[in-house]
């Protein structure tokens, strides 16, 4: 399909604009003007609509099919969330309105959303306070690391290192490093699938600023030693950061705050059903215990005695501005709608069904595939393509074979500690019928791996394109269209 | 309840298949001591109740004021087709395009978006987006620090004060030295900028038009910086780029900016869109995702994430940035907007903004006691000095249904009587007149 710039026709227009209703101004001096026009498209509205409609049909999405992408929580995104986010009272609100005198009074509805969502997240996670400002999960991690750094600096602690389990998301070590820490991995006990406590004891020193923990971890295993981890950290003056990427498994079953976690983030675009948008926008609110509240980013939403809300910037120990305003407001709004609709009982059902669906699929597939950790899982589980490797079929080939079966593949090659990993997260919104169809497809792919392995190496064949040449992409580096380059 | 499909009967069947007597058994790994001490959440609500509730909450926001607020975030017109196309759930319910065969739509759209940003900024390479204009600037600083191996950044006085604050927050735990050029309301103060350049300076940050709306041609600053091995980062306003000299034309090394103006709603501060563009030379230092055009096994054109060795999921602690989820859907909106508005349309939007702002300036100047700071030419935003506190005036204007601009006292001590006024193509001559008359009424009683 052509690149949109190839469809341009000189002089064609897509949008009509109002006539200029004021006198012509003196021209912008030449010194400040660009020499040549920006070569943007020249298309009719219909050209544009057809182009993007066609592009959309070359995408797989939750609304088109099952998306069992491990660690990404691709659950259904209710439509009412979009309707509410588009209400003009929210979508047309300028973020500087509170800067006008008594401006807080002009945005009481928006401030109420932020304030109430913070309170609800505190209750869900057992934390004392939340900031909604982080703009994505990794941004939440970075904010958390900045809070931890501010805390240690304020207390005169000389800390230089963050400890991260080897099964953690790639963002964890990157976030630690960007906040100015060196990072040190600790191994997972390959028998239990949980963090190796002995190795952790050996790794934690007085220089340790924090341990970053994901629980349930990326193997889908709940670490029941979490209180011991916290104790080991606190003994040496280190804090514990909880990556809430996998919170969908434990709503109403476990709260990080109760286990003594100091700082955590929640991915609203995973657990709280805000859409992933082909890679964002998300939101990664960060929760803290009391002793870290003073360091939270500004502004903070506070309630006045008369029950109105206002923005407070007067927190001298705050880490300052991490977002231009109050976070990804309309994403937070969607999550708030979702939580209010489900309520407490609905959230508990989310986790119960997410875990049940995962266990059901895991049990159905453990004959056809190698299951390195054969025990009840939480919301996701990890298979290995070890058996299929004997026929020379890799996890990636199985993933591509599954595409030809009509499904989005699981996450592959992650976590790194499982060879040829296939990480499956069905989520709670999928029906047994869908899961059964997926299980059957997975079994057919496994059978194909045994009977005709070479056919899988050529997969997929049903998609608009087959496997792209990544080496050529990196070598040619064609990252912007130029008409004279074919 | 909720969005769960399975019936009670199916759940029983599934439990049996798992060899579990109850759902609780599946949670046996969480010991009783770790169970929630509290879980007091509201009762569930139906969709109808929720919709009514939020209509009422939204109604308590003053989104209907006639908007003269800017400061880097503008009330531009969004064509209906932007919403219609970006609302296709094939886009908004998909994940990051890690499986290229199932994501050619998103991948091609990002490739085209990258192309549009390059053409707008006059740069060679653009990434798939970062969170916002402020984080884009922070990432640009990191690029410059790594590329030069130096530790100091010079910020021009015309830089958005919100971004200035963000840069300080992000670098509090790092050894980076910042030098701020004193604020002037005109163009960059060459004397101060050149004096601030030292051997350990990695980059100078400029903004065009600057926070006070002033246009500049910074080619001379770039030349001076490059002679000393210093990079130039320019933060730009994408609508203005339809008419104004580009970062590419002045020779800047990195262009960044806030893409909200390109078809993204104001939405009380987000989600927005940070765009970043640079030279081929610096591409390996660029953070975030990048889409390249290639071919598939059968030689068909295909799009794929490329140069991923820069990114966190491959390089972990050695990555150029920790960014993972970015603002893909906002980048899609910007790309749809630019495609619809087109080459001539964007120039028309920019020209309308400029013409109306000039008109407003003349209109406000005629009000007794009001003066316009106009040492240098401005684009669509300008500062007016009032005979009273700008916050007080704003309060009075709100009562008349107007958000008259941004009072500057909170950002710049000493500028309590200054108001930053922004005009977009949406403001009519009548609305500008209404604001002028309202100001006259309260200032000249």
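The values are calculated or read from the model by the stated rules, or taken from the named source; none is laboratory data. Since the model is a prediction, treat every value here as computed from it, not as a measurement. Quick reminder, even Gly has a Cβ in these numbers, built from the backbone with ideal geometry, and neighbours come from all protein chains shown.
The table below lists the values:
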item: Where residue A:282 falls short, out of the listed (1) over 27 Å from residue A:109 (Cα atoms); (2) modelled with pLDDT of 95 or more; (3) assigned to a loop (DSSP other than H, G, I, E, B); (4) under 25 Å from the mean Cα position of the chain (by Cα); result: (1)
item: Lone unmet requirement of (1) at the interface with another protein chain (Cβ under 7 Å from one of its Cβ atoms); (2) in contact with a strand residue (DSSP E or B) (Cβ under 6 Å, 6 or more places away or on another chain); (3) outside any loop (DSSP other than H, G, I, E, B) for residue B:109; result: (2)
item: Residue among B:359, B:354 that is part of a helix (DSSP H, G or I), touching a residue at least 60 places away in the same chain (Cβ under 8 Å), within 7 Å of chain A (Cβ to nearest Cβ) and more than 25 Å from the chain's Cα centre (by Cα); result: B:359
item: Failed criterion for residue B:395 (all others in (1) more than 10 Å from chain A (Cβ to nearest Cβ); (2) not in a loop (DSSP other than H, G, I, E, B) hold); result: (1)
item: Answer residue from the stretch A:268-296, given it is buried (at least 24 other Cβ atoms within 10 Å of the Cβ) and in contact with a strand residue (DSSP E or B) (Cβ under 9 Å, 6 or more places away or on another chain) and is farthest from the other protein chains (Cβ to nearest Cβ) among those; result: A:288
item: Per-region count, the stretch B:56-79, residues within 21 Å of the chain's Cα centre (by Cα) and not in a loop (DSSP other than H, G, I, E, B); result: 1
item: Count of residues meeting criterion [surrounded by fewer than 22 Cβ atoms within 10 Å (Cβ to Cβ), at the interface with chain B (Cβ under 7 Å from one of its Cβ atoms) and outside any helix (DSSP H, G or I)] in the stretch A:79-109; result: 4
item: Residue within the stretch A:31-38 that is in contact with a helix residue (DSSP H, G or I) (Cβ under 8 Å, 6 or more places away or on another chain), surrounded by 13 or more Cβ atoms within 10 Å (Cβ to Cβ), in contact (Cβ under 8 Å) with a residue 12 or more places away in the chain and within 7 Å of chain B (Cβ to nearest Cβ) present; result: no
item: Residue in the stretch B:284-312 that is farthest from residue B:331 (Cα to Cα), counting only those that are free of Cβ contacts under 8 Å to residues at least 40 places away in the same chain and more than 7 Å from every other protein chain (Cβ to nearest Cβ); result: B:299
item: Residue A:357 being more than 29 Å from residue B:272 (Cα to Cα), more than 7 Å from every other protein chain (Cβ to nearest Cβ), touching a helix residue (DSSP H, G or I) at 6+ places or on another chain (Cβ under 9 Å) and modelled with pLDDT of 95 or more; result: yes
item: Candidates A:60, A:76, filtered to the one that is under 22 Å from residue B:327 (Cα atoms), at the interface with chain B (Cβ under 7 Å from one of its Cβ atoms) and buried (at least 24 other Cβ atoms within 10 Å of the Cβ); result: A:60
item: Unmet criterion (only one of (1) within 7 Å of chain B (Cβ to nearest Cβ); (2) modelled with pLDDT of 95 or more) for residue A:178; result: (2)
item: Exclusive hit being at pLDDT 95 or above, over 30 Å from residue B:416 (Cβ atoms) and not assigned by TED's automatic domain parsing to the domain that holds residue B:144, set B:349, B:304, B:370, B:295; result: B:349
item: Residue B:325 vs. criteria under 23 Å from residue B:147 (Cβ atoms) and crowded, with 18+ Cβ neighbours inside 10 Å; result: no
item: Residues of the stretch A:130-171 satisfying the condition of being more than 14 Å from residue A:328 (Cβ to Cβ), in a helix (DSSP H, G or I) and more than 9 Å from every other protein chain (Cβ to nearest Cβ); result: A:144, A:147, A:148, A:151, A:152, A:154
item: Leading residue by the ranking (nearest to the other protein chains (Cβ to nearest Cβ)) among those in the stretch A:110-129 that are surrounded by 24 or more Cβ atoms within 10 Å (Cβ to Cβ) and touching a helix residue (DSSP H, G or I) at 6+ places or on another chain (Cβ under 6 Å); result: A:110
item: Flag for residue B:91 being in contact with a strand residue (DSSP E or B) (Cβ under 7 Å, 6 or more places away or on another chain), within 17 Å of residue A:83 (Cα to Cα) and at the interface with chain A (Cβ under 7 Å from one of its Cβ atoms); result: yes
item: Residue match in the stretch A:302-322 (condition: under 15 Å from the mean Cα position of the chain (by Cα) and in a strand (DSSP E or B)); result: no
item: Residue satisfying condition, being at the interface with chain B (Cβ under 10 Å from one of its Cβ atoms), free of Cβ contacts under 8 Å to residues at least 60 places away in the same chain and closer than 21 Å to residue A:289 by Cα, within set A:227, A:231; result: A:227
item: Given (1) at pLDDT below 95; (2) closer than 19 Å to residue B:104 by Cβ, index of the condition residue A:50 fails; result: (1)
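Let's see how each residue does on (1) surrounded by 15 or more Cβ atoms within 10 Å (Cβ to Cβ); (2) more than 21 Å from residue A:111 (Cβ to Cβ); (3) more than 7 Å from chain A (Cβ to nearest Cβ):
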| site | (1), (2), (3) |
| --- | --- |
| B:8 | no, yes, yes |
| B:14 | yes, yes, no |
| B:26 | yes, yes, no |
| B:31 | no, yes, no |
| B:46 | no, yes, yes |
| B:52 | no, no, yes |
| B:60 | yes, no, no |
